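The values are calculated or read from the model by the stated rules, or taken from the named source; none is laboratory data. The model shown is predicted, which means the values in this text are computed figures rather than measured ones. Glycine also receives a Cβ, built like all others from the backbone with ideal geometry; neighbour counts cover every protein chain displayed.
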Amino acid sequence: MDRRAYLATVGAAVTAAVAGCPDGGLSESEFDVGMSANAFLPDTYEVDIGDTVVWGNNGSRGHTVTAYDGGIPADAAFFASGGYDDTAAARDAWANGGGGTIRAGETYEHTFDTPGDHRYFCIPHERDGMTGVVAVKE
């Protein structure tokens with residue numbers, strides 16, 4: 001078999017095997033905000049006070065969900081995958097072993113009890129623009 005025909009056959013088989021399946025194996029009904037290679041989908045998500053938001057890693061790369069210390073309302077609880085108390089602690093944990101990583105097929109959730117915009121990011125993909133907002137309305 002010639003090389004091009006072989007590669008075309010293998011490519012078709014792989015495409016057929018994974019067609020319609022997200023990399024992480026999560027269905028969209030299992031999360032509110034998805035994580036692609038470099039983006040939260042949607043990047044802005046609106047909820048009511050007391051609602052729980054579930055992020056799902058339906059991609060193939062590890063991600064984090066980390067609040068910006070100055071990007072959440074003054075009375076709001078800080079949130080970060082891994083349970084860290086502030087942005088610096090989350091960044092340090094990531095830098096020293098990948099702390100807070102949400103792997104493909106995993107979820108993270110947080111309940112929002114304070115109205116306002118809650119800005120967050122993915123530590124390893126922040127430079128690529130992977131940021132989001134949970135807008136909590138009264």
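For the reader, a short list of remarks on this structure follows.
- Applying the condition of being hydroxyl-bearing (Ser, Thr, Tyr) and closer than 18 Å to residue 46 by Cβ to region 99-133 and asking which residue is surrounded by the most Cβ atoms within 10 Å (Cβ to Cβ) yields 120.
- Only residues that are over 15 Å from residue 33 (Cα atoms) and among the β-branched types (Val, Ile, Thr) were counted in region 82-137, giving 4.
- Qualifying residue in region 78-85 (condition: surrounded by fewer than 17 Cβ atoms within 10 Å (Cβ to Cβ) and under 18 Å from the mean Cα position of the chain (by Cα)): yes
- Count - residues of region 38-64 that are within 15 Å of residue 105 (Cβ to Cβ) and either touching a residue at least 60 places away in the same chain (Cβ under 8 Å) or crowded, with 16+ Cβ neighbours inside 10 Å (or both): 8
- Taking (1) outside any loop (DSSP other than H, G, I, E, B); (2) at pLDDT 95 or above; (3) not aromatic (Phe, Trp, Tyr) in turn, residue 15 satisfies each apart from (2).
- Taking strands (runs of 3 or more DSSP E) as the structural unit, those lying wholly within region 56-138 and holding at least 1 residues that are more than 21 Å from residue 31 (Cβ to Cβ) and modelled with pLDDT of 95 or more correspond to 116-121.
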